[in-house]
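Engineer: Before anything else, here's the structure in question.
The values are calculated or read from the model by the stated rules, or taken from the named source; none is laboratory data. Only a predicted model underlies this, so the values are computations on that prediction, with no experimental measurement involved. A quick note on method: Cβ atoms are made from the backbone with ideal geometry, for glycine too, and the neighbour counts reach across all protein chains shown.
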Amino acid sequence: MSDIKEILKERILVLDGAMGTMLQRYKFTEADFRGERFKDWPSPLQGNNDLLSLTQPEAIAAVHAKYLEAGADIIETNTFSCTTIAMADYHMEDLVYELNFEAAKIARKVADDFTAKEPNKPRFVAGSIGPTNKTASMSPDVNDPGFRAVSFNDLRLAYKQQVEALVDGGVDLLLVETIFDTLNAKAALFAIEEVKEDRNVDIPIMVSGTITDASGRTLSGQTAEAFLISISHIPILSVGFNCALGASQLVPHLEVLASKTHFAVSAHPNAGLPNAFGEYDETAEQMAEQIKEYLEKGLVNIVGGCCGTTPEHISAMAALVKDHKPRKSLVDK
């Protein structure tokens with residue numbers, strides 16, 4: 001397999017866009033989510049997009065293919081909520097290994113098919129590791145600030161199971177993303193290091209936080225620089241931001257990362273801010289115009305899209321990056 005570290009020195013890589021946005025187009029019903037296998041499952045399953053890797057695998061493969069056709073170099077597995085902690089909402093904790101393994105296999109096959117057709121443009125699979133729906137450093141109960149809904153060890157064990165399955169399924173790298181609480185991310189990174197040691201493998205890691213609002217901080221209160229410092233002890237491939245904000249609002253935070261790290265820098269913002277109905281209106285052209293600022297300022301090595309983005313958005317980004325050099329690492333400056 002081509003070395004992604006070497007490719008990053010030569011060109012800007014394109015990450016895919018939103019899986020959820022594309023799956024919404026299918027308008028899957030409760031019965032579609034259940035399929036034959038889960039038709040008698042005791043709790044509602046509609047909305048559990050990660051389950052579709054088992055019940056609608058053709059749709060997942062088709063979304064991956066659309067993003068690769070649009071020019072993406074890296075596709076993310078359909079595993080954003082695939083931990084025992086997040087799957088507890090659907091009473092599907094026992095399915096976590098299978099969900100991650102099958103999602104990785106689907107993405108792996110599609111990526112390999114595209115690489116075979118175009119060997120000079122290798123396609124990579126990133127195992128998507130979301131933040132879970134619990135936070136380790138803050139209390140969910142305003143009347144009990146010392147309470148925690150989850151412990152570091154709970155998270156470590158859940159992430160370790162997810163990582164093992166993703167690695168077994170054949171991912172090229174691991175993407176710890178949409179980090180709103182850095183303690184959760186540290187648990188994921190700790191788990192990854194454990195798996196690397198247990199299996200004697202070295203798998204590149206992408207880390208992507210999320211700035212939650214105009215304060216310029218993560219939900220757990222860190223600035224971009226504090227977030228960077230918190231995870232810089234781990235040997236990662238890239239650090240960046242995704243979700244929450246639109247592309248233009250991310251610029252100052254990417255500038256901080258770009259000026260202070262020797263890691264590659266990534267960005268996969270939303271298609272603008274959501275409207276009153278929670279939908280994203282920013283067109284591919286509008287978003288590309290903002291991404292252009294990243295490229296002209298030399299801020300990024302990897303770009304892609306989060307909520308509301310589609311293959312059209314990714315295609316517009318892929319066309320743009322061809323004309324720009326990747327951000328130079330501080331080591332190379």
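Engineer: Please give the helices (runs of 4 or more DSSP H) falling wholly within region 54-123 in which 1 or more residues are under 19 Å from ILE4 (Cα atoms).
Structural biologist: Numbers: elements: 57-69, 84-87, 96-117.
So the answer is 57-69, 96-117.
Engineer: Select from region 204-215 the residues that are in a loop (DSSP other than H, G, I, E, B) and under 20 Å from the mean Cα position of the chain (by Cα) and write down the one among them that is surrounded by the most Cβ atoms within 10 Å (Cβ to Cβ).
Structural biologist: From region 204-215, those in a loop (DSSP other than H, G, I, E, B) are 204, 210-215; that's our starting set.
Subset that is under 20 Å from the mean Cα position of the chain (by Cα): 204, 210-213.
On the way: PRO204: 20, THR210: 22, ILE211: 25, THR212: 16, ASP213: 11.
Selected residue: ILE211.
Engineer: Considering region 175-204 alone, what residues qualify as being in contact with a helix residue (DSSP H, G or I) (Cβ under 6 Å, 6 or more places away or on another chain) and of a type in the set (A, V, I, L, M)?
Structural biologist: The answer is VAL176, ILE179, ALA187, ALA188, ALA191, ILE192, VAL195.
Engineer: Could you look through region 124-159, keep only residues that are in contact with a helix residue (DSSP H, G or I) (Cβ under 6 Å, 6 or more places away or on another chain) and part of a helix (DSSP H, G or I), and pick out the one that is farthest from LYS196 (Cα to Cα)?
Structural biologist: Top of the filtered list is PHE152.
Engineer: Then there's this: Name the residue, out of GLU69, GLU10, that is more than 22 Å from the chain's Cα centre (by Cα) and not hydrophobic (A, V, I, L, M, F, W, C).
Structural biologist: When all the criteria are applied, what remains is GLU10.
Engineer: Could you give every pair whose Cβ atoms fall below 9 Å, whose first residue belongs to region 18-45 and is surrounded by fewer than 13 Cβ atoms within 10 Å (Cβ to Cβ), and whose second residue is modelled with pLDDT of 95 or more and of a type in the set (Ser, Thr, Tyr), counting only separations of at least 6 or pairs across chains?
Structural biologist: Within 9 Å, the pairs are ARG25/THR310; GLU36/THR55; ARG37/THR55; SER43/TYR90; PRO44/TYR90.
Engineer: Kindly indicate which of GLU164, GLU194 is touching a residue at least 40 places away in the same chain (Cβ under 8 Å), among the charged types (D, E, K, R) and surrounded by 15 or more Cβ atoms within 10 Å (Cβ to Cβ). Give the steps one after another, and end with the answer.
Structural biologist: Values: GLU194 fails: touching a residue at least 40 places away in the same chain (Cβ under 8 Å).
GLU164 is the lone residue from the list that is touching a residue at least 40 places away in the same chain (Cβ under 8 Å), among the charged types (D, E, K, R) and surrounded by 15 or more Cβ atoms within 10 Å (Cβ to Cβ).
Residues are listed down the side, and each one gets a yes or a no for (1) hydroxyl-bearing (Ser, Thr, Tyr); (2) under 18 Å from ALA224 (Cβ atoms); (3) out of contact with any helix residue (DSSP H, G or I) (no Cβ under 8 Å at 6 or more places or on another chain); (4) at pLDDT 95 or above:
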{"residue": "ASN275", "(1), (2), (3), (4)": "no, no, yes, no"}
{"residue": "LYS292", "(1), (2), (3), (4)": "no, no, no, yes"}
{"residue": "LEU299", "(1), (2), (3), (4)": "no, yes, no, yes"}
{"residue": "GLY305", "(1), (2), (3), (4)": "no, no, no, yes"}
{"residue": "THR309", "(1), (2), (3), (4)": "yes, no, no, yes"}
{"residue": "VAL321", "(1), (2), (3), (4)": "no, no, no, yes"}
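Engineer: Whether any residue in region 132-144 is at pLDDT below 95, under 17 Å from the mean Cα position of the chain (by Cα) and crowded, with 22+ Cβ neighbours inside 10 Å is what I want to check. Show your work before the answer.
Structural biologist: Filtering region 132-144 down to residues at pLDDT below 95 leaves 132-144.
Those still in the list that are under 17 Å from the mean Cα position of the chain (by Cα) too: 132-133.
So of that shortlist, the ones also crowded, with 22+ Cβ neighbours inside 10 Å come out as 132.
So far as region 132-144 goes, yes, one or more of its residues are at pLDDT below 95, under 17 Å from the mean Cα position of the chain (by Cα) and crowded, with 22+ Cβ neighbours inside 10 Å.
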